[in-house]
Amino acid sequence: MARAPQPAKRRTRHVLKTLHLWLGLSLGVLLSLVTLAGGVLVFEQPLLAITHPELAGRAVPDSASLGRTLDRILASDEGKSLRSITLPDEAITAFEGSAKNRDRLYFDPADGRLLLTRSAKRDPLLILLDWHTHLLSGPTGETVLGIVAFAGLFMLCSGIWLYWPGRRRAVTHLRPHARPPILRWASWHRMVGVVAFPLLLITIGTGTTMAYRGAVRTALIQWFGEPLPAKPPSIDSVAAKVSWPDVLAAAQAAAPDAAITRISLPVREGHALMMRVRQPGEWNPNGRSTLWLDPYAAKVIGGEDATRLGPGARLANALFPIHAGAVGGGLWRVMLAISALLPGFMLVTGLLFWRARRRRPAAAFRAG
């Protein structure tokens, strides 16, 4: 005969069940909507190419030609509003500029003419991205999102603790039931939660680190005893025109095996220009390696090769590509899309179980 739980253990279980229930019925709604948006964003680039075919299939000129096009783009009124510009690649064969108002502007790689403007307030994918990363509320929304993600992790781990029936019954206890309704919803909620636990732990866990990416990166670097990243050096202030063909040529010469991906803007006197580059073997589509340049002299004055960092920094750099499906191929993206549906499934089955239990005397059924 099984021994009755000790009072302390019983109280702990009651507290966990109460928190698990009410966090699920409240913050679980927000978590479900955020993950649904993430499931769509996993396929953002293919969707963008389908909805805007003018952004794909163009021939990408050589580096010197791209530099001349950059000259024209950044001298235009649209170019002066940009805070960064991403160079063309195989997926999106156009320059992609990110404006200060969060609009996205796309330019022809050959002549620099404006091809498309995606409004941050009207474009469906940009709205989904803002919801998924900031809850449409800027830094405040990102903070709230971090709290919601932590609640999701708590619900995952507390659910496993509440489910655990002992080693001998660990598998048989997962069998789904059809009737009665109270048993049906409890068994499906339990089975999917346990089976999908590793996948949800990865997706929600990496998502949580995105909300606190700066603190997480610093903590991992310090945990492994690595030096903190160096800051870009200052340069002599001059009033000179930037030659973008020369700047790109200098960057490519300094990192001949890397792809130049993104340039931070605007160019400010006295500040080094920062470029993102992707070294071979990096998971992040834009790379986490950087080059710092004196743009007026078209000279590289420093940088960081992400492939030569310590384990803490490399682990920090791996979190976003895993979360966004940038590594692992199509199979991992499909799994991420499936995992995006699971919080909603857990919310619905948990709600139905709660309702069924309220309509039936507690003594008639005892859930795990």
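Bear in mind these aren't lab numbers, they're just calculated from the coordinates by the rules spelled out. Remember, it's a predicted structure, so these values are computed and weren't measured experimentally. Cβ atoms come from the backbone with ideal geometry, glycine included; neighbour counts cover every protein chain shown.
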Check your understanding: Would you list 132, 173 from fewest to most Cβ contacts within 10 Å?
Key -> 173, 132
Check your understanding: Mind checking the dipole of region 60-127: about its Cα centre, +1 per Lys or Arg Cβ, -1 per Asp or Glu Cβ, Debye to the nearest 20?
Key -> 440 debye
Revision key, fill the gap. Computed on Cα atoms, Rg of region 155-204 relative to 2.2 N^0.38 Å comes out at 1.16
Check your understanding: Translational D (Stokes-Einstein, µm²/s) of region 171-325 at 25 °C and 0.890 mPa s when Rh comes from the Kirkwood sum over C-alpha pairs?
Key -> 131 µm²/s
Review point. So, how do all the Cα-to-Cα distances of region 1-120 break down into 5 Å bins, in percent, from 0 on up?
Key: 2, 10, 14, 14, 11, 8, 5, 5, 5, 5, 5, 5, 4, 3, 2, 1, 0
Practice item. Please report 273, 309 as a ranked list, fewest other C-beta atoms within 10 angstrom at the top and most at the bottom. Key: 309, 273
**Study point:** Descending Cα extents along the principal axes, region 125-226, whole Å
**Key:** 48, 39, 19
Review point. Over all Cα pairs of the chain, how is the pair count split among 10 Å bins, expressed in % and running from 0 up to the last occupied bin?
Key: 5, 19, 26, 22, 13, 9, 5, 1, 0
Check your understanding: Among 240, 225, 110, which residue has its Cα positioned farthest towards the positive end of the charge dipole of the chain, with +1 placed on the Cβ of Lys and Arg, -1 on the Cβ of Asp and Glu, and the dipole taken about the Cα centre?
Key -> 225
Exercise for review: Can you give me the three principal axis dimensions of region 244-308 from its C-alpha atoms, in Å, biggest first?
Suggested key: 33, 19, 18
Check your understanding: Remind me, what semi-axes does region 286-325 give for its equivalent ellipsoid, largest first in whole Å, using sqrt of 5 times each Cα gyration tensor eigenvalue?
Key -> 26, 12, 5
Check your understanding: When only Cα pairs under 8 Å and 6 or more residues apart are kept, what is the percent relative contact order across region 244-308?
Key -> 28 percent
Exercise for review: Apply 1/(1 + (r/R0)^6) to the Cβ-Cβ distance of residue 114 and residue 56, taking R0 = 22 Å, and write down the FRET efficiency to the nearest 0.05.
Suggested key: 0.85
Exercise for review: Please report, to two decimal places, log10 I(q)/I(0) for region 60-127 at q = 0.16, 0.19 Å⁻¹ as given by the Debye formula with identical point scatterers on the Cα atoms and no solvent.
Suggested key: -0.49, -0.68
Check your understanding: So what's the back-of-envelope 222 nm ellipticity for the chain, counting only DSSP H runs of four-plus at -39500 (n - 2.57) apiece and dividing by all residues, rounded to 500?
Key -> -17500 deg cm²/dmol
